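The values are calculated or read from the model by the stated rules, or taken from the named source; none is laboratory data. Given the structure is predicted, the values throughout are model-derived calculations rather than measurements. Cβ placement follows ideal geometry from the backbone for every residue including glycine, while neighbour counts extend to all protein chains displayed. Each accessible area value is taken on the protein alone, full model and side chains, heavy atoms only, with ligands, DNA and RNA left out. Shrake-Rupley method; radii C 1.70, N 1.55, O 1.52, S 1.80 Å.
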Amino acid sequence: MSGKHDNQGKIKSYASQAGGWGALKGSLKHVVKNRGITRSMLTLLRVNQPEGFDCPSCAWPDPKDASSFEFCENGAKAVSFEATAKRVTPDFFAKHTVTWLNQQTDHWLEDQGRLTDPMRYNPTTDHYEPIAWDDAFREIAQQLQALDSPDQAIFYTSGRASNEAAFLYQLFVRMYGTNNMPDCSNMCHESSGEALSESIGIGKGTVRLDDFEHADAIFVIGQNPGTNHPRMLSELEKASRRGAEIVTLNPLRERGLEQFTHPQHVMPMLKNSATSISSLYLQVTLGGDLAALKGIIKHVLEAESTYPGKVLDHEFIREHTAGFEELVRDIENTSWESIEIQSGLSREQLLRAADIYVKSKRVIICWAMGLTQHKHAVPTIQQVVNLLLLRGNLGKPGAGACPVRGHSNVQGDRTVGITERPKPAFLDKLAEVFEFEPPRGHGHDVVGAIEGMLEPADSPTRCRFFLGLGGNFVAASPDTDRVSEAMNRCDMTVHISTKLNRSHVVHGKNALILPCLGRTERDEQASGPQRVSVEDSMSQVHLSHGKNPPANANLRSECAIIAGLSKATFGDRYKIDWDALIADYDRIRDLIAMVLPGIYSDFNKRVHTPGGFYLGNSAAELKFETANGKANFVAAAIPDLTLPAGQLRLQTLRSHDQFNTTVYDMDDRYRGIYGTRHVVLMNAEDLAERGLTDGDMLNITSHTIEEQGEQRHVSGFRAVTFDMPRGCAAGYFPELNPLVSYKSFADRSRTPLSKFIPITVEKMP
Ligand code: SF4
């Protein structure tokens, strides 16, 4: 990928706390920059409010007693970025060739503003040109009908899509005849779903927001809430203030897990005083969490043998679990030496964590990408569950498993059918309700989609069509150059989007952009203004109701666009009145309730109650829908992650001015990085050992384990000293995604390995 390097940056260590005045300034800067203070404040006063709209950023739940300013700094950035006054009109596209646009940075592209009209790429002029909606639908339908098989088409979903849009989308795709439904979850919490399904019979977290008020200890593993789920810091602050222990396992010292001031708490703001968050901070090495968790479990079992019957919850283990003996044997056969080497932590450090665990009656364990994007992610997350089960930390207030989702409705989309591996029961219901036979074979996930699009030109199974419901597939995916090639090889690429992004300018032979309404905007349909629904990380479903005037009169809602595509593609082949569904989304929810009667019965009645409703969680009720009806202890060997001499383990991550692939600005305040994204954070001794110093410009080469000898390169990254374990490094995505092979993915979940990329670095000549 081309793009200007922006190495004008400044590195200055950040001494302040997370939140506080910095968060206020950060929010203000963005709302003023994007939309002007008055209009922004009016919009922000409606975010995460009962009659308002859901923050289009992360999936942290809203408290029952929401404050008038129920948003964080990054929520303010997300809302003002979507509600920006800037526009990307047909004139904009007339001014810029697509080739030139592709030479701009991701930040620049998204900063141009909201798309206003449907556009079609003209290969002759290398420009996007306006097209009428119906013509666009017709062209897409013709392209789909021209494919030899529906399995030659890919239908991607980003976690921003509402339940209603996602449900209609999966219906459209399955009626078209494929399960090629990769989604952003494949790249983030797929490993959690895979692990939890085997361990406790449901792929979702068991914790609710209230539980944070009852926990004696909260473990935060492989997660940086200060940037990625900032309102979580309010819960951690409250917990810390009432004496709960907070144990962090993270290679990097993340400010949000050290010191925090709630920007809405007047006295601490006036005194500029902060609350300490982590009572124990363990800088585990990248990929060392499985070993660390086994070390903590080993200490717990040793404590049990010292104080028999005093440590483990034997009644819980007896009644609700299976596999305990195998786990004990596995832990006994695991040496402290391998635990210390592979975790990068000492026996003593792990003992302190185990002590806190044993002394706590109620424990919540939270995690995110730091666990899910590793080769052994699934067994690692199962060690989290093993630890919880030992002392019965499931199914009681203040305890449980808490995978914190990154995108506002990524969990909801999966619940209503966005998956390449749909369950037979779901397909049976779909067949019954809509009287058609849905495809039964599993489809492509993200890695499969890339493989499918890169198949030889004459391969009958090559994927030749890509449609993205939101998202930015090219920037979010690993292996940027390969994915760009894959997209360029498609006969047609189509994106339903709010803003201009990389995936619009890295396109197929034919390409269309279909601009949609944003969350902040009024969605007026025949029966009046419509509400959509979302499901947060803790299975709470609630409505979102945008009230801002649409960015442009020619925009359509995601639901209306999918209905338009369906009508153009199927005509009257199916007995569905798409227009009636769009006229009133309650009708879409009625259909969801018919297809998912177990969890979505009386959907409309329940969702129209203020604050929405809880979907429930079988494991939280100690009903384990596993093959043996039990919660399972799952033993796993510690993988040897030792790399050849000279290699480092690189992880990609977000800056504080970023949400997924959306780059709001060029700073990463909490890490002391300003005005640049071309950096690689390294341990000071690792730099010295390579004869490098802070500020050197580096070439980085990745050495993919799965492709012996295959290398990938990027250059022009500034070395920055950062507090992390030896042998580790870190930098931002999407800039470092060219280093990640799409053939490198986690066992079972096939999640790309963005947290463990073997690299070497050298000074640029
Ligand atoms: S915590 Fe997440 S959902 Fe809540 S306001 Fe912040 S970014 Fe939005």
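By the rule of a C-alpha distance below 28 Å, with chain neighbours fewer than 8 residues away ignored, the lysines paired with Lys509 are Lys4, Lys95, Lys499, Lys567, Lys743. For the chain, taking a cut-off of 4.7 Å between Cβ atoms, the unpaired cysteines are Cys55, Cys58, Cys72, Cys184, Cys188, Cys463, Cys490, Cys516, Cys559, Cys728.
For the chain, the dipole from Cβ point charges (+1 on Lys and Arg, -1 on Asp and Glu) about the Cα centre works out to 1640 debye, to the nearest 20.
Distance between the pseudo-spin-label points of Ala132 and Trp100 (7 Å out from Cα toward the beta carbon): 3.0 nm. Would you work out which of Gly691, Ala746, Leu681 lies farthest towards the positive end of the dipole of the range 648-763? Charges go on Cβ: Lys and Arg +1, Asp and Glu -1. Highest projection toward the positive end goes to Ala746. When the trypsin sites (Lys or Arg not before Pro) in the range 364-447 are filtered for DSSP coil states and for at most 16 other beta-carbon atoms within 10 Å of their beta-carbon, the remaining sites are Arg440. For the range 420-465, GluC sites (Glu not before Pro) are listed when DSSP marks them as loop and at most 13 other Cβ atoms sit within 10 Å of their Cβ; the list is Glu435. Our helix-only sum for the chain, with -39,500 (n - 2.57) per DSSP H run of n ≥ 4 divided by its residues, gives a mean residue ellipticity at 222 nm of -9500 deg cm²/dmol.
If you take all other residues with their beta carbon under 15 Å from the beta carbon of Asp313, and give Lys and Arg +1 and Asp and Glu -1, the sum is +4. For the range 21-82, the share of alpha carbon pairs falling in successive 5 Å distance bins from zero is 4, 21, 32, 26, 14, 4, 0 percent.
Mean projected area of the convex hull spanned by the Cα atoms of the range 648-763, taken over all viewing directions: 7.2 nm². If you average the sequence gap of Cα pairs under 8 Å that are 6 or more apart and divide by the length of the chain, what percent do you get for the contact order? Across the chain, relative contact order equals 21 percent. Under the combined filter of DSSP loop state and at most 16 neighbouring Cβ atoms within 10 Å, the range 532-612 retains these chymotrypsin sites (Phe, Trp or Tyr not before Pro): Tyr574. Of all DSSP-defined beta bridges confined to the range 214-339, some 20% are antiparallel rather than parallel.
Accessible surface computed residue by residue for the range 596-725, with neighbouring protein chains in place and a 1.4 Å probe, gives 39 Å² per residue. Listed by chain and number, the lysines placed with their C-alpha closer than 25 angstrom to that of Lys361 are Lys204, Lys238, Lys294, Lys298, Lys310, Lys396, Lys623, Lys630; residues fewer than eight positions away on the same chain are left out.
Here the accessible area is traced with a 1.4 Å probe on the protein chains. For the chain, carbon and sulfur cover 52 percent of it. Computed over protein heavy atoms with a 1.4 Å probe, the accessible surface of the range 417-548 works out to 29 Å² per residue. Counting only DSSP beta bridges with both residues in the range 648-763, the antiparallel share comes to about 70 percent. Rounded to the nearest 20, the Cβ-based charge dipole of the range 205-403 about its Cα centre (Lys and Arg +1, Asp and Glu -1) stands at 580 debye. Once the Cα-Cα distance is subtracted from the 0.36 nm per residue extended length, the Arg522 to Asp458 segment shows a gain of 18.4 nm.
In the full protein context, the range 174-310 carries 28 Å² of accessible surface per residue, based on a 1.4 Å probe and ignoring ligands, DNA and RNA.
For the pair Thr38 and Ala425, the difference between a 0.36 nm per residue extended length and the Cα-Cα distance amounts to 134.3 nm. When the Cα positions of Leu24, Met181, Val247 are compared along the charge dipole of the chain, Leu24 comes out farthest toward the positive end, with charges on each C-beta of Lys, Arg, Asp and Glu. Charges were assigned to the Cβ only: +1 to each Lys and Arg, -1 to each Asp and Glu. The resulting dipole of the range 618-695 about its Cα centre is roughly 240 debye. Dimensions of the chain based on its C-alpha atoms, expressed as ranges along the principal axes with the largest first, amount to 74, 63, 60 Å. Since only Leu312, Asn333, Pro225 are under comparison, the one whose Cα sits farthest along the positive direction of the charge dipole of the range 205-403, derived from C-beta charges on Lys, Arg, Asp and Glu, is Pro225. Note: relative contact order over the range 349-401, using C-alpha pairs below 8 Å and six or more positions apart, is 45 percent. If you take every DSSP beta bridge fully contained in the chain, what fraction is antiparallel? Give it as a percent rounded to 5. About 45 percent, rounded to the nearest 5.
Taking a sphere under 13 Å around the Cβ of Leu565 and counting the other residues whose Cβ falls inside, with K and R at +1 and D and E at -1, yields a net charge of -1.
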